[in-house]
Structures are given as structure tokens and as C-alpha cells.
Amino acid sequence: MSNEGQQRASYLLDGRRVTISHLVEAGLLKEGEQLTFDRPRVGETHTARIASDHRIELLDGRRFKSPSAAAIAAVGTGSFDGWEAWTVTSGSLLSTLRQQLLDDAAEAAEVTAESTLSVERHERLKQARQAAQHGKPATLSVRQLIDWWGAKGRGGLIIRQIHADLANHSLSTWPDFDAVSLDDEVQLVSTTPVLDEAPPAGDAFVTAVPLPDEEEDEPVVGLTVGNLPSALAGVESISPAATYEEAITKMAINGYSQLPVLAGTRNLQGAVTWESITRARHADPSAPFSKAFVLPREVRYDRHLVDIIPMLAESDFVLVRDEKNNVAGIVTATDVAATYGEMATPFFLIGEFDQLLRRILAATFDIAYAVSLCDPEGKRKIEAFDELSIGDYQQVLGNKEAWEALGWPLDRKVFLSRVNDLREIRNDLMHFNPDPLPQDAVRKIRNMITLLREYGS
């Protein structure tokens, strides 16, 4: 690859998925080059070629941007990591060419604080991939993982960058890093088979299944059950052979309202609650302990949180199964109410800030002038101030002439920096970032509201 090509490719180290087009542009693939997908165990060989639009074209003429989608279509069923399936005429896998492109980009990167972080992350992911392929996946907390990207929380952009960088190294996390809490541990597992031997069923380094549209950004994930601290924090349980007295004592000394009844970590026999114990004993004072069992609701850790609200309305709690199908925690209606309650105050405050600043702009400028600053080409067809975003406010107030029209004795740079902070807070709220807001988030919003009331009146 030329130095110019290496410099152009360096941005791939920063959370963008490598595509077939990138390989062609770097000279690592050629238009018309043949690809082969051998499946010796079933006696099949599939062929394709690189089309002029840099898609993978099968013999029947169908074209795919994604190597995985092309592999699945060629076979007609199943799930495959296409980067590890297709080989080129030299015998190299597409994943080998992808790795070469990333290595060249890392070698050519200019030395800056940001590029140094990218190169260090690239090396860490390479090592993680090698470890995972030999059945020894790296284990670290979600907090440690996102720190590789210089992040403290999981906003939408960071989630997409991490998914892309992991995919570029044929890695994924187990369990999903964006479906558990910051302090839960995940393993970096390979999306390709383990080299030494097949892992036992249920082990942590099972092969992950990639998404067919692997070049596309991952969607922003809303709050999941696993994002709640109690979901995977372990659960106090009781044996089916226990007694009423044992259950009552455990619940009383721990302040629990319910206990799952488990025969092993996965074998859920039921649950007991204060109500179920009272009902069983009231109906028959000599009733066996099993008469107090009720059928609890169960959910996976990666279930969307909003989906379980109707369940909690009926039973007040759900038991949570982790990626190994173990009963790993419990979520109550109180837990969910607290989580959404923590988001409510900044949500309403950011709405008030948005309305105040919009009202000030509308009173100072006409809409045509504002649009000329935030959408000069008119692509968005903005007709009213209600259609502007906080990012648009930044564009308007970033203009020196517009700022001076406000007549505020404030520093424009400092003011806009704080507006950008609030824009990021707003984005985290709107995309249901699973991580807590910074401790000073509410204070920042309140202070800005106070300032706007003072200078905008």
C-alpha cells in the first residue's frame, strides 16, 4: 500500500468497519478477483468474484456488500463470518487482508495523543483475538473495555465504534458489553472457531454469530435488564427441600420480599414470597413448603427493560438469566422505578433548557437568518424554530455576528462549550445510555437555565 493509501486508511483505526471497498482502494484486492469458500466437511465449494462496484458477486449474479451475507446466500442457510470464510486467489482469507490493512494503517499513523491511543487499542485487540482463538479469551470489566477507547460511558457513538473495532478483529463480547452494567465482566471471544479444539457447550469462548450487515453501524441499544446493577449481581435462593422457617429467616434478615427456589444454578423450581407463604399456611397450617411455591417470570439479561414493565405490574419481580442461562439476579418494580426516576429529572431539565434557548433565538433572529447559519444548503427544509436541535443552536451562536446581536456580556467560547456539554447529556438521555450521567450533569443544566432566565428575559 502506498504512503498516501496508508494515511487514508488510518481512520479505520477509529471505530469504522473495514469494507471490501477499502481493500480494493488499498490495492489488496482487485476488481474481478475470484473468491472461494470451501466447506470440506460437507463437500462444497462456492465461488464468487469482486464486482466493479466492489460488492461480492455470486455465480447467480446476486451481489452483497457484506462477506457474511454473501457466504450465507451462497450456502442458503446458517450463519458465517464471511471474512473468515472467503479466500482470495493467493490463498489468503479476507480477514488476513483486513488485518494487513489495519496493521499498515497503524504503522503509518502520525504520532499524536489520539493516534497513540488508536494504535495501542489495535495491538490490544490483535492480542485479544489470538487469545480468543486459542480458547483463552481475555476477561475484563465493561468499564475497563471502554477505557480502551478513552471513554467513561457508553454513548451511542462509542457503542458503534466499539462494535466496529471488535468486528474488524473478528471479536465480540460475551455477554454483550452494552447489555450489562459497567462493572460486570465480559470476555472478548472470537467470531471464528477455536483453533485448538471445540469448546464444551456453554463455555464462554463459544463462536459468536456476526450480523449479516456487518458494515452497517450497530443500532443504539436501549436500556436492557442487564444494565440494572441487581440483574446480574447474584441472587439469594433456597432449596426445594427447605422449610418455611428457613425461607422466612432468609427473607427477614436480608430484607427480601421474595426468594427463588433453585435446585442448581439453572434449575428453577419456583419462588416464594411473603404473600405465597401466608396464603399456603392460611389454607392449610400443615401444608408442605412446596405449596408456597409460585411460578416466577423469567427474562434474559439482554431483554429490553421497557418490555418487562407489564410483567412487573403483575408480579413485582422477575428473575434474570445470564448468558450461560444461570439464574443470576432479580429485578423488582422498585429497581426499574428508581432507574427511570434517576433519568426523569435531567430529562425534564434539559427540555426546559432547550425551550428557553429556542425562545431566545426566536425572539432575536428571524428563521431565515437562523437557517442560513445552521442549514445553508437548505437540505432539511427547516421552516420553524421548533425544528432546530441543540446542535443547530451551536451553529447559530457560533457565528460572531449572531452572538453579538444577543448583547450578552459573556464569553462565546465558554458558553458554547457548556452548550455542547448539555447536547451530549441530551443525547445520552434520548438514546437511553445505560450508564449513569456525570454527577455534575443536573447542576450544569440548572446553572444554564438560571443564566438563560437572567440574560434572556
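The values are calculated or read from the model by the stated rules, or taken from the named source; none is laboratory data. Because the structure is predicted, anything quoted here is derived from the model rather than measured. In this analysis, Cβ positions are derived from the backbone assuming ideal geometry, glycine residues included, and neighbour counts consider all displayed protein chains. Please note that ligands, DNA and RNA were not included when accessible areas were found on the heavy atoms of the full protein model with its side chains. Shrake-Rupley method; radii C 1.70, N 1.55, O 1.52, S 1.80 Å.
Counting Lys and Arg as +1 and Asp and Glu as -1, what is the net charge of the other residues whose Cβ lies under 12 Å from the Cβ of Leu259? List each step's numbers first, then the result.
On the way: positive: Lys250; negative: Glu236, Glu246.
Net local charge, Leu259 excluded: -1.
Heavy atoms of the protein only, probe of 1.4 Å, neighbouring chains included. What is the accessible area of Tyr455 in Å², nearest 10?
Per-residue accessible area (Tyr455): approximately 80 Å².
Restricting attention to segment 97-179, which trypsin sites (Lys or Arg not before Pro) occupy a DSSP loop and are surrounded by at most 16 other Cβ atoms within 10 Å? Spell out each step's value before the answer.
Numbers: sites: Arg98, Arg121, Arg124, Lys126, Arg129, Arg143, Lys152, Arg154, Arg160; in loops: Lys152, Arg154.
Filter output for segment 97-179: Lys152.
How large is ³J(HN,Hα) for each residue in segment 75-81, as worked out from phi by the Karplus curve 6.51 cos²θ - 1.76 cosθ + 1.60 (θ = phi - 60°), to whole Hz, x for Gly and Pro?
Once rounded to whole Hz, the list reads 7, x, 6, x, 10, 9, 8.
Return the loop-located GluC sites (Glu not before Pro) in segment 319-393 (DSSP other than H, G, I, E, B) with at most 16 other Cβ atoms within 10 Å of their own Cβ; answer none if there are none. Working shown, then result.
Working: sites: Glu323, Glu342, Glu352, Glu377, Glu383, Glu387; in loops: Glu323, Glu377, Glu383.
Hits after loop and neighbour filter: Glu377, Glu383.
To the nearest 0.05, how large is the calculated FRET efficiency for Leu451 and Ala368 if R₀ is 35 Å and r is the Cβ-Cβ distance? Could the numbers behind the result be given before it?
Values: r = 27 Å, r/R0 = 0.78.
So the FRET efficiency works out to roughly 0.80.
At a Cα cut-off below 24 Å, give the lysines reachable from Lys250, other chains included and same-chain residues fewer than 8 away excluded.
Excluding near neighbours in sequence, the set is Lys291.
Using a 1.4 angstrom probe on heavy atoms only, work out the carbon and sulfur share of the accessible area of segment 375-457 in %.
45
Pop out the carbon and sulfur fraction of the accessible area of segment 42-115 as a percent, whole number, probe 1.4 Å. Could the numbers behind the result be given before it?
Values: 1660 of 3400 Å².
About 49 percent, which is the carbon plus sulfur part of the accessible surface.
So if each residue of separation counts as 0.36 nm, and I subtract the Cα-Cα distance between Leu157 and Glu185, what length gain in nm does that give?
Additional length available on full extension: 7.9 nm.
Taking a ≥ b ≥ c as the square roots of the eigenvalues of the Cα gyration tensor of the chain, is the shape rounded (a/c under 1.5), prolate (a/b larger than b/c) or oblate? All intermediate terms of the calculation are to be shown ahead of the outcome.
Numbers: a/c = 2.35, a/b = 1.09, b/c = 2.16.
Oblate.
If each DSSP helix of 4+ residues adds -39,500 (n - 2.57) and the sum is divided by the residues in the chain, what number results at 222 nm, nearest 500 deg cm²/dmol? Spell out each step's value before the answer.
Values: 16 runs with 194 residues, N = 457.
Result for the chain: -13000 deg cm²/dmol, rounded to the nearest 500.
Sort Val371, Val18 from largest to smallest accessible area, using a 1.4 Å probe on the heavy atoms of the protein chains. Write down the numbers at each step before the final one.
Details: Val371 25, Val18 5 Å².
These residues rank, largest area first, as Val371, Val18.
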